[in-house]
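Asks: Okay, handing you the structure first.
The values are calculated or read from the model by the stated rules, or taken from the named source; none is laboratory data. Everything numeric in this text was worked out from a predicted model, so none of it was measured. Every residue, glycine among them, receives a Cβ derived from its backbone with ideal geometry; neighbour counts consider all protein chains shown. The accessibility values were calculated without ligands, DNA or RNA, using every heavy atom of the protein model including side chains. Shrake-Rupley method; radii C 1.70, N 1.55, O 1.52, S 1.80 Å.
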Amino acid sequence: MTTKPNIRLAGVLRAAGLVLLVIGAAGYLLPSGTVHWTALIPAILGAIALGASFLRNPWAAAGLGAFVCAIALMGGGTALPQIPALLAGDAGPATASRATTAIVAILALAGLAHALLRGRPRHGEGSA
């Protein structure tokens, strides 16, 4: 029995990974002055998500993707209540980076669940 990769799942992981890479790079390179290396954490999570998108086992890919999203939510979830201040221009780039990372994680989790549900074999279809 072989496992087929889930194309939708790979697409969600690649999209989330690329967005997280951009967030991490922007959070590290754009602000003036010194920036702590932890600003690169979204980029690191993005690289892991991109790597997970190439796994052939869809459950392993989804598990690793969910783990990446959980880490992103733990780091950025505290910035979600500050979104109104962010939209009003009263929050800094660090808050913007954390809030955007959390939003990407929430959307990616929903995308992973959707991809897993839509990628399942129908009743009577084999998995070979």
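Asks: Could you pull out the residue among 27, 17 that is surrounded by 17 or more Cβ atoms within 10 Å (Cβ to Cβ) and more than 14 Å from the chain's Cα centre (by Cα)? Walk me through how you get there before you give the answer.
Replies: On the way: 17 fails: more than 14 Å from the chain's Cα centre (by Cα).
Sole residue among the options that is surrounded by 17 or more Cβ atoms within 10 Å (Cβ to Cβ) and more than 14 Å from the chain's Cα centre (by Cα): 27.
Asks: Which of (1) assigned to a helix (DSSP H, G or I); (2) open to solvent by 70 Å² or more (accessible area, probe 1.4 Å) does residue 110 not meet, given it meets every other one?
Replies: (2)
Asks: Could you please give the count of residues in segment 29-51 that are more than 24 Å from residue 6 (Cβ to Cβ), outside any loop (DSSP other than H, G, I, E, B) and of a type in the set (Gly, Ala, Ser)?
Replies: Residues that pass the stated criteria total 2.
Asks: Please pick out the residue among 54, 67 that is open to solvent by 70 Å² or more (accessible area, probe 1.4 Å) and in a helix (DSSP H, G or I).
Replies: Values: 54 fails: in a helix (DSSP H, G or I).
67 is the lone residue from the list that is open to solvent by 70 Å² or more (accessible area, probe 1.4 Å) and in a helix (DSSP H, G or I).
Asks: In addition: At pLDDT 95 or above, open to solvent by less than 40 Å² (accessible area, probe 1.4 Å) and either of a type in the set (D, E, K, R) or assigned to a helix (DSSP H, G or I) (or both), is that true of residue 99? Spell out the reasoning first.
Replies: Working: at pLDDT 95 or above: no; open to solvent by less than 40 Å² (accessible area, probe 1.4 Å): yes; either of a type in the set (D, E, K, R) or assigned to a helix (DSSP H, G or I) (or both): yes.
Answer is no for this residue.
Asks: Just checking, does segment 78-85 include any residue being of a type in the set (S, T, N, Q), touching a helix residue (DSSP H, G or I) at 6+ places or on another chain (Cβ under 7 Å) and closer than 18 Å to residue 118 by Cβ?
Replies: The answer is no; no qualifying residue exists.
Asks: Got at least one residue in segment 70-86 being on the phi < 0 side of the Ramachandran plot, in contact (Cβ under 8 Å) with a residue 40 or more places away in the chain and part of a helix (DSSP H, G or I)? Lay out the reasoning, then the answer.
Replies: Quick first cut of segment 70-86, residues on the phi < 0 side of the Ramachandran plot only: 70-86.
Among the residues that remain, those that are also in contact (Cβ under 8 Å) with a residue 40 or more places away in the chain are: 72.
Retained after the next criterion (residues that are part of a helix (DSSP H, G or I)): 72.
Yes, because at least one residue in segment 70-86 is on the phi < 0 side of the Ramachandran plot, in contact (Cβ under 8 Å) with a residue 40 or more places away in the chain and part of a helix (DSSP H, G or I).
Asks: While we're here: Restricted to segment 1-13, and to residues that are part of a helix (DSSP H, G or I) and out of contact with any Ser or Thr (no Cβ under 7 Å at 6 or more places or on another chain), which residue is most open to solvent (accessible area, probe 1.4 Å)?
Replies: First, pick out the residues of segment 1-13 that are part of a helix (DSSP H, G or I): 7-13.
Subsequent filtering for residues that are out of contact with any Ser or Thr (no Cβ under 7 Å at 6 or more places or on another chain) retains 7-9, 11-12.
Details: 7: 133, 8: 116, 9: 3, 11: 38, 12: 37 Å².
For segment 1-13, the residue satisfying everything is 7.
Asks: Moving to a separate point now. Checking the condition modelled with pLDDT under 90, on the phi < 0 side of the Ramachandran plot, open to solvent by less than 30 Å² (accessible area, probe 1.4 Å) and of a type in the set (A, V, I, L, M, F, W, C), which residue from 61, 39 passes?
Replies: Result: 39 is the single residue among 61, 39 that is modelled with pLDDT under 90, on the phi < 0 side of the Ramachandran plot, open to solvent by less than 30 Å² (accessible area, probe 1.4 Å) and of a type in the set (A, V, I, L, M, F, W, C).
Asks: Related question: What is the number of the single condition among (1) part of a helix (DSSP H, G or I); (2) at pLDDT below 95 that residue 16 does not meet?
Replies: (2)
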